[in-house]
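A quick write-up on the structure given underneath.
What follows is calculated from the coordinates using simple rules that are stated; it is not laboratory data. Small disclaimer: the values here were computed from a predicted structure and weren't measured. Glycine also receives a Cβ, built like all others from the backbone with ideal geometry; neighbour counts cover every protein chain displayed.
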Amino acid sequence: MSEKNVDLIVIGGGPGGYVAAIRAAQLGQSVAVVEERERLGGVCLNEGCIPSKALLDASEHFSMAQKKFSSMGIEIDPPRLNLSTMMERKDKVIATLSGGIDTLLKKNKIERVLGRGKLLTKTDNKQQVEVTGKDGTEIISATRVLLATGSQAIELPDLPFSDERIVHARGALDFSEVPEHLLVVGGGYIGLELGSVWCRLGAQVTVVDLLPNLLPTMDGQMAKTLQKILKKQGLKFQLDTKITSVDRNGKTLKVELEGPKGSTTLDCDRILVAAGRRPLTADLGLEELGVQLTDRGRVQVNDDFETSVSGIYAIGDLIDGPMLAHKASDEGVVFAERLDGQPAEMEYDLIPGVVYTWPEGASVGLTEEQLKEQGTDYVIGHFSFAANGRARCMDETEGFVKLLAAKETGRVLGAHILGPQASVLIAEAAAVMNFGGSVQDIELTIHAHPTLAEAIKEAALAAQKRAIHG
């Protein structure tokens with residue numbers, strides 16, 4: 001058993017862990033990253049953000065070739081799906097980006113340790129981490145340890161991930177053939193994105209959710225509009241509905257549902273369970289060391305991301321807040337800079353959220369429902385992409401920009417964009433809000449024409465009852 005010593009050990013090589021490691025190394029720390037996967041990047045890169053976007057983009061191109069090219073004067077033979085090539089491209093994207101992270105670690109002189117990390121008791125005032133890999137076990141010592149192990153899909157009691165027919169997101173990213181009927185359990189971001197992929201590629205898709213509305217954290221108007229658009233695209237929805245039983249004995253899965261109109265039966269050949277995620281805290285040695293968890297099973301930390309045990313820290317999906325890769329990455333930077341004595345801060349109220357359907361939905365700040373609940377006086381600036389010149393040129397006119405601003409000052413309190421490239425457009429709103437900006441600030445910013453971003457300026461004008469094109 002070998003031993004080594006560094007300033008900082010990061011357990012987890014995902015978007016929180018590797019970013020924290022790089023920033024700490026830039027600030028002069030000697031760092032080791034412990035990761036049991038062969039490929040760095042965590043769930044986000046290997047079975048989440050990146051592969052899903054690769055398939056979303058590819059399936060959207062396929063759908064456009066089927067339904068839109070002819071109206072633009074592009075005549076082609078009916079497109080044919082080569083699913084294996086699409087999957088190979090997705091895997092190549094993952095491999096390229098993962099290799100890039102390896103290069104970044106080497107560039108910053110960060111040691112990569114392959115294996116599963118577990119916290120041990122301190123020795124000589126150094127935190128010990130046991131790493132178990134295919135070549136045996138080693139002990140690494142450090143002054144500080146950062147936990148960034150991420151999360152995993154929640155398995156429902158009646159829907160265990162028993163075979164390739166009942167899967168979580170990773171399985172739905174690797175289907176070898178297009179399902180005839182895919183049942184998606186969960187009307188959140190993951191379920192709608194992967195449901196969209198397989199619907200575009202030819203599957204019948206039904207989304208079932210216990211809640212009466214999709215995307216409960218999204219602005220209500222945007223969520224309802226997106227549901228109507230996805231329904232037009234072919235997705236079916238059974239909301240306020242629960243699964244009471246699944247018969248796995250036949251060639252197809254027979255699912256019993258209980259909804260507002262009573263009991264129904266649904267036959268499908270695949271089920272995607274996308275009912276949430278839970279932090280990966282098991283087998284880290286937390287209980288043995290007395291690391292405190294919240295009542296929701298998250299690791300409890302202070303403003304410096306330090307746990308109840310001195311010298312042990314946590315970020316990302318392990319701690320409170322939305323389980324988003326960009327949240328984890330920013331926490332990694334703030335952790336390293338605060339460790340260096342810098343006054344870095346997280347703006348938790350201004351973390352953008354995006355659902356990468358088409359059109360995309362993106363939000364930052366407060367929803368209209370939250371403002372009403374707070375009793376805040378606000379005004380709405382609303383502008384439809386149907387009136388935006390660039391959206392017309394693209395033939396992407398569904399959706400809108402909705403800005404929520406303080407009635408007296410015009411300060412932007414929330415921004416909600418449903419439309420083409422919403423994931424890109426939301427950055428302008430987030431930047432304005434981070435600087436405490438107002439709808440007047442957006443109005444005074446000259447936007448190039450013709451661009452989709454002009455819709456944000458028009459919404460800012462609309463909030464002041466001065467819209468030019470609305």
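When cysteine pairs in the chain are screened for C-beta atoms closer than 4.7 angstrom, the residues that find no partner are C199, C268, C393. Computed over neighbours whose Cβ is under 9 Å from that of V33, the net charge equals -1, Lys and Arg +1, Asp and Glu -1. Taking amide H positions as modeled 1.01 Å from N, with prolines and chain starts lacking one, the residues under 5 Å from G414 and 5 or more places away or on another chain are L366, L404. First check a/c for the chain, with a ≥ b ≥ c the square roots of the eigenvalues of its C-alpha gyration tensor; if it is under 1.5, answer rounded, and if not, answer prolate when a/b is larger than b/c or oblate otherwise. Verdict is oblate for the chain.
Using a cutoff of 8 angstrom between alpha carbon atoms and counting only pairs six or more residues apart, the relative contact order for the chain works out to 14 percent.
Relative to the dominant Cα principal axis of the chain, helix 49-67 is inclined by about 20°. V333 sits among other residues whose Cβ lies under 12 Å from its own Cβ, and their net charge, with Lys and Arg +1 and Asp and Glu -1, is -2. Label reach from K261 (point 7 Å along Cα→C-beta): in region 215-236, amide nitrogens under 16 Å belong to 236. Compared with the alpha-carbon gap, the fully stretched path from Q300 to D124 is longer by 60.8 nm at 0.36 nm per residue. Sorting I139, I74, I9, I22 by the number of Cβ atoms found within 10 Å of their own Cβ, with the fewest placed first, yields I74, I139, I22, I9.
Basic side chains Lys and Arg get +1 at the Cβ, acidic Asp and Glu get -1 at the Cβ, and with that the dipole of the chain about its Cα centre reaches some 940 debye. Estimated at 0.36 nm per residue, the fully extended path between M394 and Q374 surpasses their Cα-Cα distance by 3.3 nm.
Were the residues from A95 through D349 laid out at 0.36 nm apart, the gain over their Cα-Cα distance would be 88.1 nm. In this structure, the amide hydrogen of R270, modeled 1.01 Å from its nitrogen in the peptide plane, lies closer than 5 angstrom to those of H181, L183, counting only residues at least 5 positions away or on a different chain. Suppose R0 equals 22 Å; then what is the FRET efficiency for K106 and D174 from their Cβ-Cβ distance, rounded to the nearest 0.05? The pair K106/D174 has a calculated efficiency of 0.15.
The HN-Hα couplings worked out from phi for region 189-202 by the Karplus form 6.51 cos²θ - 1.76 cosθ + 1.60 (θ = phi - 60°) are 4, 5, x, 6, 5, 6, x, 5, 3, 6, 5, 5, 8, x Hz, whole numbers, x standing for Gly and Pro. A protection proxy built from the mean count of other Cβ atoms within 10 Å ranks the segments 208-217, 322-331, 445-454, 424-433, most packed first, as 322-331, 424-433, 208-217, 445-454.
With contacts taken as Cα pairs under 8 Å at a separation of at least 6 residues, region 91-195 carries a relative contact order of 12 percent. 3J(HN,Hα) along region 80-87: 10, 8, 10, 5, 5, 5, 4, 5 Hz, from the Karplus curve 6.51 cos²θ - 1.76 cosθ + 1.60 with θ = phi - 60°, whole Hz, x for Gly and Pro. Would you mind classifying region 359-463 by shape? Square roots of the alpha carbon gyration tensor eigenvalues, ordered a ≥ b ≥ c; an a/c under 1.5 is rounded, otherwise it is prolate if a/b is larger than b/c and oblate if not. It comes out prolate by the Cα gyration axes.
Simple spin-label estimate for I446 and E60 gives 3.0 nm between the two label positions (7 Å along the Cα-to-Cβ direction from each Cα).
When DSSP beta bridges are restricted to pairs lying wholly in the chain, around 60% turn out antiparallel. Here the 3J(HN,Hα) profile of region 140-156, calculated from phi with Karplus coefficients 6.51, -1.76 and 1.60 at θ = phi - 60°, is 10, 10, 7, 5, 9, 10, 10, 8, 9, 8, x, 9, 9, 5, 6, 9, 7 Hz, Gly and Pro shown as x. Rounded to the nearest 20, the size of the Cβ-charge dipole of region 166-275 about its Cα centre is 260 debye, with Lys and Arg at +1 and Asp and Glu at -1.
By the rule of a C-alpha distance below 29 Å, with chain neighbours fewer than 8 residues away ignored, the lysines paired with K118 are K4, K106, K107, K109, K126, K134, K327. The Cβ shell under 14 Å around L257 holds other residues with a net charge of -3, Lys and Arg each +1, Asp and Glu each -1. Rounded, prolate or oblate: which fits region 166-275, taking a ≥ b ≥ c as square roots of the Cα gyration tensor eigenvalues, rounded meaning a/c under 1.5, else prolate when a/b beats b/c? Taking the square roots of the gyration eigenvalues as a ≥ b ≥ c, region 166-275 is oblate.
Each Cα pair under 8 Å and six or more residues apart adds its separation to the average, and for region 14-64 the resulting relative contact order is 34 percent.
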